[in-house]
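Report on the structure given below.
The values are calculated or read from the model by the stated rules, or taken from the named source; none is laboratory data. Note that the structure is predicted; figures quoted are calculated from it, not measured. Note that each Cβ is placed from the backbone with ideal geometry, even for glycine, and that neighbours are counted across all protein chains shown.
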Amino acid sequence: MITELGHFALILAFLVAIVQMVVPLVGAHKRWPGWMAVAEPAATAQFLLTAAAFAALVHAFVTSDFSLRVVTLNSHSAKPMIYKFTGTWGNHEGSMLLWVLILTLFGAMAAWFGGGLPPSLRARVLAVQSSVATAFFAFILFTSNPFERLAVPPFDGEDLNPLLQDPGLAIHPPFLYLGYVGLSICFSFAVAALIEGRVDAAWGRWVRPWTLASWAFLTIGIGLGSWWAYYELGWGGFWFWDPVENASFMPWLFAAALLHSAIVVEKREALKAWTILLAILAFGFSLIGTFIVRSGLLTSVHAFANDPERGVFILMILVFFTGGALTLFSLRASTMQAKGVFGLVSRESALVANNILLAVSSFVVFVGTMWPLVAEMAFDRKLSVGPPFFDMAFTPFMLVLGLILPVGAMLSWKRGRAGRSMRALVPAFLLALALGALVWAMQTGRSALGPIGVFLGAWLVGGAATDLWSRTGQNGSVARLLRLPRADWGKAVAHAGLGITMLGVAGLTAWQQEDIRVAQLGERFEVSGFELELAAVEDVRGPNYLSTMATVILRQDGTQIATLRPEKRTYPVAGMPTTEAAIDYRFLRDVYVVIGDAQEGGGWVMRTYIKPLANWIWAGCILMALGGTLSLSDRRFRVAAGARKSASAPVPAE
């Protein structure tokens, strides 16, 4: 009964989405207040109905209702309850329902918190948002129905992919989707502004909170995914330039560019057309990511293997919305002339450079991701584009971005003085240079990547601190520092977070140590100043898996500092093994141990990695997301801030 109610709620939500897509749009065109007012209750109803459908699917997974095809294929009665719950979105159908749930949530939030928006713009935003929802409701109902019944339910299910039975990956998709799908509301604001023919400072202020929220969620989602890959897959890497990793990274880069570009629209009423284009591209690349994950064209450990019919449907959605928005942009771009002029040396110019670097780097990632597919289709050649290409092609853009970011943040609007900004940054620059030189001297004979990363990370952190202190005035004090707006703190924290992540990536890549050997029970061996002993290996039974668990004693300077228990698990129902690394997390390094297979002559294969600054990568991600959250909490940047004023005295685009 609950399943049928969930299916019915999903169909009703689809019908409400069609009404919300059409009626408010006509009302805004005709200036009919009653028709425009339909958008708000419809957005709320659409969200509540979708939430009811999602709750029904959760109920089916939690109660192991194997009459549903999706539950049978992705659950098992012996699975721990947490993975029964998260298994709801650990499959194609359930994850698409979560996708649409978040899409309708953002539409409802725009209705709830958009009271200060001009009625016609609000109606158009909600109608465009609902048009996206309509397309995905159709996709779910016609090709990916999560409520499809089996004629003869089996006694038990086939279990969830063992790689997904992990707390980190359980919460990774919701955060990732909140970022991915959150960019849809930025897209809706952009298309609504194009239809209305007006982009002004108020529009820039309205779109910024949504971009901030989406970017912060996407940062958390990508960070969680990277951390999961680090500790779960057993190869010790944090990023492999996998197609699905790239699919989330490209919208993140565009969202970062959009965030900075919207500041220029708000402050100076410049870069209007560029900001609209970025909003379209950011969500367009989110749709590209959805296509990559679900079309089956590109192979990835993260991808859902699906039939071509679903891929074609998503491709049609991608072409319709992205192509339609770009066509509308080409017709209306000339009406969005910039009002604010600025000099070559100014904060506006620095933000333009920031945007160009982020956008071009995203296109580089796109080319590297899609080129194997293009080569196979066009030239019948199988090619592989791996980390060496991305490291060579992508890294220079990030180096330049890191160099100019502290200077750009210190420049004045309209016309700045580079010398004045650089003088303030001299202490930060000298400190960063000294740290880089120190590291260079200590690591004779190694790569320059480590010293460069230390310099760049220290430069970004020092620059962020200098920028923050400069805002306290000539007679700065800690009291004035604490009273600064949260947006200023948010910017500094996010920029410092980027520096810490860069430092962590460079340190881990440059100084990692690896040891692979056959270890005998009771044997002690040394790896980069640490002593390890394989003390025991035993068979352990888990709730729905069998495990070979090793006990490894970790010592330093003769003192035991940790006991590590790496595992090799086998999930009998899924018939799939997994590797569970054991990690001793510390501030400046990780000791990472993986147990392998038993050897015929005795002993076990063991891999040991010493990973300097590994945790700094995710600490930087946390700081970046925290910075976005701090900025979002600033009352000046809430959705309705300044909206009443703009509603009473709109500034049309020229």
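Restricting 1, 36 to residues that are loosely packed, with under 15 Cβ neighbours inside 10 Å, assigned by TED's automatic domain parsing to the domain that holds residue 125, over 17 Å from residue 139 (Cβ atoms) and among the hydrophobic types (A, V, I, L, M, F, W, C) narrows the list to 1. When the residues of region 101-152 are filtered to those that are outside any helix (DSSP H, G or I) and charged (D, E, K, R), which remaining residue is nearest to residue 23 (Cα to Cα)? Ranking the qualifying residues of region 101-152, first place goes to 148. The set of residues in region 204-241 that are surrounded by fewer than 21 Cβ atoms within 10 Å (Cβ to Cβ) and among the charged types (D, E, K, R) contains only 232.
Residue 505 meets the stated requirement of being under 21 Å from residue 619 (Cβ atoms), among the β-branched types (Val, Ile, Thr) and crowded, with 22+ Cβ neighbours inside 10 Å. Condition check: crowded, with 23+ Cβ neighbours inside 10 Å and not small (Gly, Ala, Ser). Does residue 113 satisfy that? It is false that residue 113 is crowded, with 23+ Cβ neighbours inside 10 Å and not small (Gly, Ala, Ser).
If you go through region 346-362 and pick out every residue that is under 17 Å from the mean Cα position of the chain (by Cα) and not small (Gly, Ala, Ser), you end up with 1. Filter region 345-397 for residues that are under 26 Å from residue 452 (Cα atoms) and hydroxyl-bearing (Ser, Thr, Tyr); which is surrounded by the most Cβ atoms within 10 Å (Cβ to Cβ)? This residue is 362. Please enumerate the residues belonging to region 533-552 that are assigned to a strand (DSSP E or B), surrounded by 17 or more Cβ atoms within 10 Å (Cβ to Cβ), within 37 Å of the chain's Cα centre (by Cα) and not hydroxyl-bearing (Ser, Thr, Tyr). Those that are assigned to a strand (DSSP E or B), surrounded by 17 or more Cβ atoms within 10 Å (Cβ to Cβ), within 37 Å of the chain's Cα centre (by Cα) and not hydroxyl-bearing (Ser, Thr, Tyr): 549, 550, 552.
Which ones in region 4-33 are surrounded by fewer than 16 Cβ atoms within 10 Å (Cβ to Cβ), over 30 Å from residue 63 (Cα atoms) and touching a Phe, Trp or Tyr at 6+ places or on another chain (Cβ under 9 Å)? Scanning region 4-33 gives a single hit, 26. In a residue-by-residue description of region 69-80, the property of being buried (at least 23 other Cβ atoms within 10 Å of the Cβ), closer than 30 Å to residue 572 by Cβ and among the polar types (S, T, N, Q) applies to at least one position. Part of a loop (DSSP other than H, G, I, E, B) and of a type in the set (Gly, Ala, Ser) - does that describe any residue in region 79-96? Checking region 79-96: at least one residue is part of a loop (DSSP other than H, G, I, E, B) and of a type in the set (Gly, Ala, Ser). When every residue of region 367-386 is checked against the conditions, none turns out to be closer than 18 Å to residue 502 by Cα and in a helix (DSSP H, G or I). Being under 19 Å from residue 76 (Cβ atoms) and either surrounded by fewer than 18 Cβ atoms within 10 Å (Cβ to Cβ) or in the same structural domain as residue 38 (by TED's automatic domain parsing) (or both) holds for only one residue in 155, 137, 147, 142, and it is 155. Of the residues making up region 164-171, one or more are farther than 20 Å from residue 271 by Cβ, of a type outside the set (Phe, Trp, Tyr) and crowded, with 24+ Cβ neighbours inside 10 Å. Apart from one condition, residue 123 fits all of (1) closer than 30 Å to residue 25 by Cα; (2) outside the structural domain of residue 65 (by TED's automatic domain parsing); the exception is (2).
Of the residues making up region 17-41, those that are part of a helix (DSSP H, G or I) and of a type in the set (A, V, I, L, M) are 17, 18, 19, 21, 22, 23, 25, 26, 28, 36, 39. Looking only at residues of region 433-481 that are over 16 Å from residue 400 (Cα atoms) and of a type in the set (Phe, Trp, Tyr), we find that the one that is farthest from the chain's Cα centre (by Cα) is 440.
Taking region 591-621 only, how many residues are assigned to a strand (DSSP E or B), crowded, with 22+ Cβ neighbours inside 10 Å and touching a helix residue (DSSP H, G or I) at 6+ places or on another chain (Cβ under 9 Å)?
Adding up the residues that qualify gives 2.
Only residues that are closer than 10 Å to residue 208 by Cβ and among the β-branched types (Val, Ile, Thr) were counted in region 260-274, giving 2. If the condition is being of a type in the set (D, E, K, R) and assigned to a loop (DSSP other than H, G, I, E, B), then region 407-457 contributes 414, 415, 417, 446. Taking the criterion of being touching a helix residue (DSSP H, G or I) at 6+ places or on another chain (Cβ under 6 Å), under 27 Å from residue 541 (Cβ atoms) and assigned to a helix (DSSP H, G or I), the residues of region 50-78 that qualify are 61, 62, 71, 74. Sub-7 Å Cβ pairs linking a first residue in region 581-602 that is under 13 Å from residue 532 (Cα atoms) and touching a residue at least 40 places away in the same chain (Cβ under 8 Å) to a second residue that is among the small types (Gly, Ala, Ser) and surrounded by 13 or more Cβ atoms within 10 Å (Cβ to Cβ), at least 6 apart or interchain, are 592/236; 592/581; 593/581; 593/582; 594/234; 594/581; 595/550, ordered by first then second residue. Scanning region 239-292 for residues that are in a helix (DSSP H, G or I) and aromatic (Phe, Trp, Tyr) yields 249, 252, 254, 274, 283, 285, 291.
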